[in-house]
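Novice: Sharing a structure here in structure tokens format.
The values are calculated or read from the model by the stated rules, or taken from the named source; none is laboratory data. This one's a predicted model, so the numbers in the text were calculated from it and none came from an experiment. Positions of Cβ are generated from backbone atoms using ideal geometry, with glycine treated the same way; all protein chains shown enter the neighbour counts. These accessible areas exclude ligands, DNA and RNA; they are computed on the full protein's heavy atoms, side chains included. Shrake-Rupley method; radii C 1.70, N 1.55, O 1.52, S 1.80 Å.
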Amino acid sequence: MVKLNKIYTRTGDDGTTALVCGPRRLKHDLRVEAYGTIDEANSAIGMARLYTQDQPVLDAMLLRIQNDLFDLGSDLATPDTGETLEWEPLRIVQSQVDRLESEIDALNADLEPLKSFVLPGGTPAAANLHLARTITRRAERIMVDLMQIPGEVLAAPALKYVNRLSDFLFVAARYANDIGKADILWVPGKHR
């Protein structure tokens, strides 16, 4: 379990941070950048949840996702080095990906098919969910970059989860936009 008594440790004053399994990395390391960007996405979802209290189904989904994102952060902060650890590291598992897919399908069932791309915006909840979606896409790009480094391993469910999450956040933003009725659609070339 996590126990936080003292918030500052001064150990990061040299520009490094410790991973869960102990080794220190520079704060701009791609692995640190990946879980930091996941934290940023989680914060944007928290902002969106300020406006989803009147949509309890969506709000409950977002709360579960916020918890999952802490799981994902732990997964990313515990590199799989192939060594046996004294504890079972927390990893994203396929059932979390599957749940996201079923929640996407549930929300999408009430939405009209799109005939154009959606401009980010609409209700405050939708705007924040679109922001979380773009941050999630950035996290995914960082994770893919990380995977290109020899010796850096990411389990497939972690990458699948973050890919599916951006899809979920798009559908959730439409759902939060009065079930798509308040979506603002792109009109190609409208202001030429």
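Novice: Contour minus end-to-end for residue 67 and residue 106, with contour as 0.36 nm per residue of separation and end-to-end as the Cα-Cα distance?
Specialist: Result for the pair: 12.0 nm of gain on full extension.
Novice: Convert each backbone phi in region 55-62 into a coupling constant with the Karplus relation 6.51 cos²θ - 1.76 cosθ + 1.60 (shift: θ = phi - 60°), then list the ³J(HN,Hα) values in order as whole Hz, x for Gly and Pro.
Specialist: 10, x, 5, 5, 4, 5, 4, 5
Novice: Taking residue 115 as the anchor, which aspartates and glutamates have their alpha carbon closer than 19 Å to its alpha carbon, excluding any fewer than eight residues away along the same chain?
Specialist: 105, 167, 178, 183
Novice: Additional query: Calculate, for residue 134 and residue 84, the FRET efficiency according to 1/(1 + (r/R0)^6) with r their C-beta to C-beta distance and R0 35 Å; round to the nearest 0.05.
Specialist: Efficiency for this residue pair is about 0.35.
Novice: Just subtract the alpha-carbon distance of residue 117 and residue 155 from 0.36 nm times their residue separation and send over the number in nm, one decimal.
Specialist: 10.5 nm
Novice: Report, to one decimal in Å, the Kirkwood hydrodynamic radius for region 79-192 based on all distinct Cα pairs.
Specialist: So the Kirkwood estimate lands at 16.1 Å.
Novice: Fully extended, how many nm does the chain gain between residue 94 and residue 182 (0.36 nm per residue separation, minus their Cα-Cα distance)?
Specialist: 28.3 nm
Novice: Still on this model: When you count, for each residue, the other Cβ atoms within 10 Å and take the mean per peptide, how do 29-36, 153-160 rank with the highest first?
Specialist: Packing order, densest peptide first, comes out as 29-36, 153-160.
Novice: Related question: Would you rank 40, 103 by solvent-accessible area, highest first, keeping every protein chain in place and using a 1.4 Å probe?
Specialist: My answer, sorted largest first, is 40, 103.
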